[in-house]
Amino acid sequence: MIRVEGLTKDYGPHRAIDDLTFNAEEGEILGFLGPNGAGKTTTMRILCGYMPPTLGKAEVSGYDVVDQSLEVRRRVGYMPETVPLYPDMTVFDYLKYMADLRHLKNVEDRVDGVIEKMNLEKRASSFISSLSKGLRQRVGLAQAIIHDPEVLILDEPTIGLDPAQIIEVRNLIRELGREHIVLLSTHILSEAQQVCNRVIIINNGKIVAGDTPERLQARLTGARHVSVQVGGDSDGLEEVLNNIPGITHISTNVDGNIVFETVPGQEPRPEVAKTIVSAGYDLLEMRPVGISLENVFLQLTRDEPSHPESPEDEPIEDEEGVEQEGN
Amino acid sequence: MRNIWIIASREYKLYFSSPVAYMIAFVLLLVLGIFFFLNLQVAAFQPGFVPGVEVFLAPLATMLVMITPAVTTRLLAEEKRLGTIELLLTAPVRDWELVIGKWLGGFLFLLTIVAITIIFPLMLNQLVKPGIDQGPVISGYIGIILLCAALVGIGVAISSLFSNPIAAFVTTLGVFIFLWWILDPITRVMGPAGSGIDLIRYLNFSDHFFANLFRGVIELGDIIFYLSVTALSLFLGTVSVEMGRWR
């Protein structure tokens, strides 16, 4: 369980995160979504006991991240964005070192277990310097889960991977999400959509929205878009649908599919299906086409109301923030 | 305590998986060997000259001042450069355990190299009749061990300030040269009456070694000096690591 209340962190005059409040419960994969420099890394570093916040409170599994930092660190697995590893150690030695530092029992078995889980058996005795980016990512993940932590914090876990590796890592995270609370940050929207149960959108250090990916889309777009495909000729279908209450903006797209929007709060789809069939068309497919989270995200992070605090130096400070987090 | 040992033993083993360890040992033993050989030659020609423990202890102390930066520079600066410090600082390890663990790893490595130099007094004991004075050997090595502890301590503290090992190396070497060679002429230039002279004289690293321990005299003040420098360095190193969290 993660509880965060009024979390604020200043780097000198620059406020990296501002009054964040959120919770995460068991079995949840919580996505932290935001542009670079939004404060994702800072928040994660505070949660894993790396740095103390300037203001506010954060608890992990009931332990305060400042006062009971060691207890928190025992229960958190963390993979930093840069996936730092020792290039001059072998995969096995490195994982054993990390396991030793956590005082695990049966260290060798644990290491073997995690190596197997991450499919690293063939490279266990290779030096880390010889591994590809994807393999290093897996070693980084292995290090984060070796002590079977209650909370797993992953900073941009798929950055720099090729598409096949991305899919692999996402599947892994989903699997890990069954046993751990996973907090992951990303600026890839489709990733948050695919992997997370809940998404918090953060911009300029503030939470701008937080909900399930589906609900975020629905809430922000208001209406749902539905696409209908019929067999054969669809001439005249638009007029037929026009008479059904609760749907608007009927149009035919380039593929010949009919697309319409539903009025918020109404569910006209059963009626649409009946009408199409009774009008003699062969209904092949009817599916919702959500406006992607991408649009929601841009909507939320753009056109921000002007910041009350020193707006003139904001952009410069922001860039510094990005660089700090990149290091 | 366990964490200190885990960190120290990783550091210790890591020295031997890189060529740095072997180069350091090779250069140190080569230089000492040359000095040793030359002194034996001199003794062969000069009937009055009996080589003692000083023929290898003095160059050993000087060499340690020069090679210790190469041993310590990596300890924390490399962690910062690789970003692995983030893993150590989010592992359930206290900051002081990390710093002391790093120090212990470097210290034990240096002691291993120093241990090899025991062959010189053993050889000398065979060559000189009726054997060399044992007192200066024991006190001299106590001094060398204390000197190593203090030098590695300072090296770790400086290493914690940098994320570039080369910058850490140069700074450490500069500080050592200052403490070992430059403070001595300063005290002489200032004379016995200069203000703050006592502090400068007290900080003179080489004086604490050469004045007593080197000559076979074990003075408590010198032992306390090296131990305090070690403790203070490790404390400052811990503060520096802790401050790194706030940035």
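For chain B, build the convex hull from the C-alpha positions and give me its volume per residue in Å³.
Taking the convex hull of the Cα positions in chain B, it is 142 Å³ per residue.
At a temperature of 37 °C and a viscosity of 0.692 mPa s, determine how fast chain A diffuses translationally according to Stokes-Einstein, using the Kirkwood radius over alpha-carbon pairs as Rh; express D in µm²/s, rounded to the nearest whole number.
Here the translational diffusion coefficient equals 147 µm²/s.
If the convex hull of the alpha-carbon atoms of the range A:225-288 is projected onto planes in all directions, what is the mean projected area in square nanometres?
Mean projected area of the Cα convex hull: 3.8 nm².
Considering only DSSP beta bridges whose two residues both sit in chain A, what percent are antiparallel, to the nearest 5?
The antiparallel fraction comes to roughly 65 percent.
Counting only Cα, what are the radius of gyration and maximum Cα-Cα distance Dmax of the range A:97-208, in Å?
That works out to 15.0, 46 Å for Rg and Dmax.
Could you calculate the contour length gain from A:A164 to A:D109, that is, 0.36 nm times the residue separation minus the distance between their Cα atoms, to one decimal place in nm?
16.9 nm
Placing +1 at every Lys and Arg Cβ and -1 at every Asp and Glu Cβ, with all other atoms neutral, what dipole size does the protein assembly as shown have around its Cα centre, in debye to the nearest 20?
2560 debye
Just A:A58, A:A144, A:A164 to compare: in a GNM of chain A, with alpha carbon springs under 10 Å, which one fluctuates most?
Between A:A58, A:A144, A:A164, it is A:A164 that shows the largest mean-square fluctuation.
List, in the order given, every pair from A:K96/B:K102; A:K40/B:K102; A:K57/A:K206; A:K96/B:K13; A:K9/A:K206; B:K13/B:K102 whose Cα-Cα distance in the structure shown is over 20 Å.
A:K40/B:K102
With a cap of 10 neighbouring Cβ atoms within 10 Å, and only residues DSSP puts in a loop, list the trypsin sites (Lys or Arg not before Pro) found in the range A:157-193.
Counting only loop positions with at most 10 other Cβ atoms within 10 Å, the trypsin sites (Lys or Arg not before Pro) in the range A:157-193 are A:R178.
Per 10 Å bin from zero, what fraction in whole % of the C-alpha pairs of the protein assembly as shown is there, up to the bin with the longest pair?
3, 14, 20, 18, 15, 12, 8, 4, 3, 2, 1, 0, 0
Treating the beta-carbon of each Lys and Arg as +1 and of each Asp and Glu as -1, no other charges, what is the dipole magnitude of chain A about its Cα centre, to the nearest 20 debye?
1040 debye
Can you figure out the FRET efficiency of A:E179 with B:L30, using R₀ = 60 Å and their beta-carbon distance, to the nearest 0.05?
0.60
With an 8 Å Cα cut-off and a minimum separation of 6 or more residues, compute the relative contact order for chain B in percent.
Computed over chain B, the figure is 27 percent.
Below 8 Å between Cα atoms, with a sequence gap of 6+, how large is the relative contact order for the range B:123-220 in percent?
39 percent
For chain B, what does -39500 (n - 2.57) per DSSP helix run (n ≥ 4), summed and divided by total residues, give at 222 nm, in deg cm²/dmol to the nearest 500?
Calculated at 222 nm, the ellipticity per residue is -25500 deg cm²/dmol.
Give the range of the longest stretch in chain A that excludes all GluC sites (Glu not before Pro) found in loop regions by DSSP and having at most 11 other beta-carbon atoms within 10 Å.
After excluding every exposed loop site, the longest remaining stretch is A:27-308.
Residue separation times 0.36 nm, minus the C-alpha to C-alpha distance between B:D198 and B:L108: what's the value?
Stretched out fully, the B:D198 to B:L108 stretch lengthens by 29.1 nm.
Please build a GNM for chain B, connecting alpha carbons under 10 Å apart, and tell me which residue among B:K80, B:K129, B:K102 fluctuates the most.
It is B:K129.
No value in this document is a laboratory result; all are computed from the given coordinates. Every value quoted in this text rests on a predicted model; they were computed, and no experiment measured them. Because the Cβ atoms are built from the backbone with ideal geometry, glycine has one as well, and the counts that use them run over all protein chains shown.
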